[in-house]
Protein chains: 4
Amino acid sequence: MKVCLVIGAGAGIGGSVGKKFAQNGYHAALCRRSDENGLQAMVSAIEADGGSASGHLLNAVNEDAIENVIADVEKNVGPIEVVLFNLGAQIGNRSLEDTELKTFTLGWQMATFALFRAAKVVIPLMVKRGGGTLLVTSATAAVRGNAGQHSHAAAMGGRRMLCQSLNAEYASKGVHVAHIIIDGAVDAPDTLGKMLGDELFQKLRETRGGDNDGLLLPEQIAETYYHLAQQHRSAWTHELDLRAYSDLAWWNHAP
Amino acid sequence: MKVCLVIGAGAGIGGSVGKKFAQNGYHAALCRRSDENGLQAMVSAIEADGGSASGHLLNAVNEDAIENVIADVEKNVGPIEVVLFNLGAQIGNRSLEDTELKTFTLGWQMATFALFRAAKVVIPLMVKRGGGTLLVTSATAAVRGNAGQHSHAAAMGGRRMLCQSLNAEYASKGVHVAHIIIDGAVDAPDTLGKMLGDELFQKLRETRGGDNDGLLLPEQIAETYYHLAQQHRSAWTHELDLRAYSDLAWWNHAP
Amino acid sequence: MKVCLVIGAGAGIGGSVGKKFAQNGYHAALCRRSDENGLQAMVSAIEADGGSASGHLLNAVNEDAIENVIADVEKNVGPIEVVLFNLGAQIGNRSLEDTELKTFTLGWQMATFALFRAAKVVIPLMVKRGGGTLLVTSATAAVRGNAGQHSHAAAMGGRRMLCQSLNAEYASKGVHVAHIIIDGAVDAPDTLGKMLGDELFQKLRETRGGDNDGLLLPEQIAETYYHLAQQHRSAWTHELDLRAYSDLAWWNHAP
Amino acid sequence: MKVCLVIGAGAGIGGSVGKKFAQNGYHAALCRRSDENGLQAMVSAIEADGGSASGHLLNAVNEDAIENVIADVEKNVGPIEVVLFNLGAQIGNRSLEDTELKTFTLGWQMATFALFRAAKVVIPLMVKRGGGTLLVTSATAAVRGNAGQHSHAAAMGGRRMLCQSLNAEYASKGVHVAHIIIDGAVDAPDTLGKMLGDELFQKLRETRGGDNDGLLLPEQIAETYYHLAQQHRSAWTHELDLRAYSDLAWWNHAP
């Protein structure tokens, strides 16, 4: 059974993409740092829907953790055909003085280094098997820095250039790398929700979410991720943006 | 019946996208400058496939021509839900000295002004109806100029900035504008074929086309165009690139 | 005597750059569309300062007008070493519906086509003489479209891609093309002043200009233009941005 | 005496910029990792030329090293008005499989993290004093990834986004951050020379250097760095590129 490995599988893009692939015959191997119950609930929901899934706790910052989970899935579940790299490094706006060295380092470890580590072990396997897909969730901060975004922008800017490097080296060997710029707020309790806190998140949902479609809906994002993974190799997309219709693009936007 | 209007419907992206939409229940209103037989053959092929289509000769440079064809389709066929603007302005590499004022002007008329004219009449109709989609085929030349590309790059650079302007003004009113960068050679007799001549085109097809998938296949491109038009408004793409897996991206060359 | 030709020499960037070059031993050949008195005053001011200058009325949209002024200056003044192409096409924010075909066309004629025409006649002369410099004033609209900027952005986007094409074809032949993104409001009566009207312009000057340095000062811009023209050919700049320290960059900016 | 601190002062851009500032009345505080003799020779050369300079050994990767050298210079030499951050992280082309985790980490430590650390200590000092300048040498890899450039591109992409973030937060407080894209080979024994080895470097110098000006000359680069630091705050440049006239821009390759 072909496997879709989701690194960063919360209730948001990661979980929705996992579900979408599972609905289309992939085994969804879902990795997240904590909340084993939440993870198990996602697996159960996919299975209840007739799909196949497994849950893996993964602290991507730990030595060998990414490497081990890939080896484990390859050995015990099946060959990884698609990886969704979905770890974020957004910490809200923080001034230079309030951004600790430790914070900056952690941002890079999550957003840049973890992707490099994952690519380094999984891409050679894909190449041996004739191909594969690496979907990378990215952010506005990958294309423009901003006040208070020192850590996030540096980490995401690194991510973007790494994706271009991987694409340049591996596209012709059958590995499709896609860098997906999520240019707006996602209706995701596990990321936006935690960053804003319950109250602000609910308020945002009321004013911009729901029928307004002013927040990016994870299940709609998942449609495009899935489409990217199905593109024929004669017409691959490397980079695209996604935002809600009611939102201004980052190049038209106030901070 | 919802209508997909294709401006620039040759045997390539335009024709393939028209066909794809027709297979999914749209009426394909196909416009091209000449070759009425070829146009009629495309219409017949769609109809033979159970779809609905019509053919319209359109010289986009002529005064009122675009405006009239849109009015005609709206009146006699149905409300235009999707426009594919697919006019090219590639004339091959031509040095500055060999690029006549007339040529430069024509490039702009086809690639930039014709899009403006189409947008100016069709977007207000879409807004009144609550929304619509404008898919714009574009080219590498929209993001980087190059030797011999004076006319093409100036025209396409204008096209890209116009698309961003249209998007900024109309996305929130329900009009989805997508700027699609075709970053490579398309296996299209009507454009690449005519530019290269029969012999060179066949040679290219033999070395890079066919099972090598080294040319962008129009029918595969059409899958992504169709996907864009189906994106939910909470997660729209404004810009993406498409190229064959074996091709280097425009920002890369051999290291 | 080496000549610096200024196409678009108002009381702003054009006039200040002309003056700067005149102070450094160039003849400043100043071209503008109207206001012969203003033009003559600029010439006189340069001459009073010990410099050399001439004034030329030029309606860049007219057939052969640019071509003739270049031929005239080459014949009667001297070989053109530097061209500052400084025609703008900003018309303020105008919705799609309020942007007439004529307006859109005029924007392109001024911002894109006029540059092409100038380049087409002057660059071959420069190549024959072993080199030259083409400084092109550009705008934020060259790198991002925005609501109400349909005409301006399309024209400036074309300008930018044309500059890249000229650079790609002619840098190695000794012609230095620089695309200068003026990313903010310039303290210039002839452009900003006319667009805003006297009252608003004075108010803007009071709140952001003067000692606040919140408006780009033309004489300070001229320093960088002059520096670009003096760069050694082993280290040329093709593109740079300029903005007031107190302004946000376009990628951080509200419309 | 106003101080220009050069982090990464080899025989190339760093040394030449230090010398240029020293010629214009700055004390040049030159920092490099090793080669104390070479460092002392640069200091002596500046002093023999009538300038003021000091040499500081600095291993930027070491904990507190950057922080300490800044504190030391501030205390014992004078207030730092200009910082040139000139550490590179180019390791030549190296495939993904040949890029060790350690290498990737080191690239980031040098190119991204060290800049963050320097900015974090020096910018608040500049703000207190009403302003300052941070000149950041960058590379093509900051704007496009490429095969074999995984480490370098990720590090430089992070650097660029960090520069934009610093600029967004501090320009209005008087700190001028400039991100300078060196888009080509520099005629620098300490960087290019060491990377290529003596023989290849001499060959490159013979074919492209010397009177051909096909290599970027550090002393010419220094002219533009110095100009940037002198720009009036009403007209600051945040980003520009530099390349030899005979080189194609990174976005171009042979058509």
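Picking from A:Gly131, A:Gly88, which residue would you name as being in contact (Cβ under 8 Å) with a residue 24 or more places away in the chain and farther than 22 Å from D:Gln149 by Cα?
Details: A:Gly131 fails: farther than 22 Å from D:Gln149 by Cα.
Being in contact (Cβ under 8 Å) with a residue 24 or more places away in the chain and farther than 22 Å from D:Gln149 by Cα holds for just one of A:Gly131, A:Gly88, which is A:Gly88.
Out of the residues in the range A:71-127 that are among the small types (Gly, Ala, Ser) and facing another protein chain (nearest Cβ under 10 Å), which is surrounded by the fewest Cβ atoms within 10 Å (Cβ to Cβ)?
Here the residue is A:Ser95.
Determine which member of the set B:Leu240, B:Leu248 is within 30 Å of D:Ala153 (Cα to Cα) and in a loop (DSSP other than H, G, I, E, B).
Values: B:Leu240 fails: in a loop (DSSP other than H, G, I, E, B).
After ruling out the rest, the residue left standing is B:Leu248.
I'm checking my understanding of the structure. Among residues of the range B:221-250 that are free of Cβ contacts under 8 Å to residues at least 40 places away in the same chain and of a type outside the set (S, T, N, Q), which one is farthest from the other protein chains (Cβ to nearest Cβ)?
Among them, the one singled out is B:Leu248.
Taking the range A:1-38, which residues are over 16 Å from the mean Cα position of the chain (by Cα), more than 21 Å from A:Leu125 (Cβ to Cβ) and not small (Gly, Ala, Ser)?
A:Gln23, A:Asn24, A:Asp35, A:Glu36, A:Asn37 - these are the residues of the range A:1-38 that are over 16 Å from the mean Cα position of the chain (by Cα), more than 21 Å from A:Leu125 (Cβ to Cβ) and not small (Gly, Ala, Ser).
Quick one: would you say C:Gly184 is at positive phi and of a type outside the set (A, V, I, L, M, F, W, C)? Give the steps one after another, and end with the answer.
On the way: at positive phi: yes; of a type outside the set (A, V, I, L, M, F, W, C): yes.
Criteria met by C:Gly184.
Does the range A:128-139 hold any residues that are of a type in the set (Ser, Thr, Tyr) and surrounded by 24 or more Cβ atoms within 10 Å (Cβ to Cβ), and which are they?
Selection gives A:Thr137, A:Ser138.
Which pairs do you get when a residue that is more than 7 Å from every other protein chain (Cβ to nearest Cβ), found in the range D:146-159, comes within reach of a residue that is β-branched (Val, Ile, Thr) and outside any loop (DSSP other than H, G, I, E, B), reach meaning Cβ atoms under 8 angstrom, with the pair 6+ apart or on two chains?
D:Ser151/D:Thr103; D:Arg159/D:Thr112; D:Arg159/D:Val136
Considering only residues that are more than 14 Å from D:Gly92 (Cβ to Cβ) and free of Cβ contacts under 8 Å to residues at least 60 places away in the same chain, which ones fall in the range D:188-203?
D:Asp198, D:Glu199, D:Gln202, D:Lys203
Report the residue count in the range D:236-249 for those that are touching a strand residue (DSSP E or B) at 6+ places or on another chain (Cβ under 8 Å) and under 19 Å from D:Leu217 (Cα atoms).
7
Wholly within the range C:9-102, which strands (runs of 3 or more DSSP E) include no fewer than the required count, namely at least 1 residues that are modelled with pLDDT of 95 or more and in contact with a Gly (Cβ under 6 Å, 6 or more places away or on another chain)? Show your work before the answer.
Working: elements: C:27-32, C:52-57, C:80-85.
The strands (runs of 3 or more DSSP E) meeting that bar are C:27-32, C:80-85.
Any idea which of (1) touching a Phe, Trp or Tyr at 6+ places or on another chain (Cβ under 8 Å); (2) crowded, with 17+ Cβ neighbours inside 10 Å is the one C:Met1 doesn't satisfy?
Every condition holds for C:Met1 apart from (2).
Any residue that is out of contact with any Gly (no Cβ under 7 Å at 6 or more places or on another chain), under 19 Å from A:Gly92 (Cα atoms) and at pLDDT 95 or above - is there at least one of those in the range A:156-166?
Checking the range A:156-166: at least one residue is out of contact with any Gly (no Cβ under 7 Å at 6 or more places or on another chain), under 19 Å from A:Gly92 (Cα atoms) and at pLDDT 95 or above.
Of all the residues that make up the range C:1-33, how many are within 25 Å of C:Gly184 (Cα to Cα) and of a type in the set (S, T, N, Q)?
Counting residues in the range C:1-33 that are within 25 Å of C:Gly184 (Cα to Cα) and of a type in the set (S, T, N, Q) gives 1.
What is the number of the single condition among (1) surrounded by 22 or more Cβ atoms within 10 Å (Cβ to Cβ); (2) among the aliphatic types (A, V, I, L, M); (3) within 17 Å of the chain's Cα centre (by Cα) that B:Ala147 does not meet?
Answer for B:Ala147: the failing condition is (3).
Do the conditions hold for B:Thr137, that is, is it among the polar types (S, T, N, Q) and farther than 22 Å from C:Phe113 by Cβ?
yes
What number of residues within the range D:181-216 are more than 14 Å from chain C (Cβ to nearest Cβ) and of a type in the set (Lys, Arg)?
Result for the range D:181-216: 2.
So, B:Gly174, is that one more than 10 Å from chain C (Cβ to nearest Cβ), at positive phi and touching a Phe, Trp or Tyr at 6+ places or on another chain (Cβ under 7 Å) or not?
Yes.
Could you tell me which of the residues D:Gly148, D:Gly131 is small (Gly, Ala, Ser) and in contact with a Phe, Trp or Tyr (Cβ under 9 Å, 6 or more places away or on another chain)?
D:Gly131
The values are calculated or read from the model by the stated rules, or taken from the named source; none is laboratory data. Note that the structure is a prediction, hence the values are computed from the model and not measured. For neighbour counting, all protein chains shown are included, and Cβ atoms are generated from backbone atoms with ideal geometry for every residue, glycine included.
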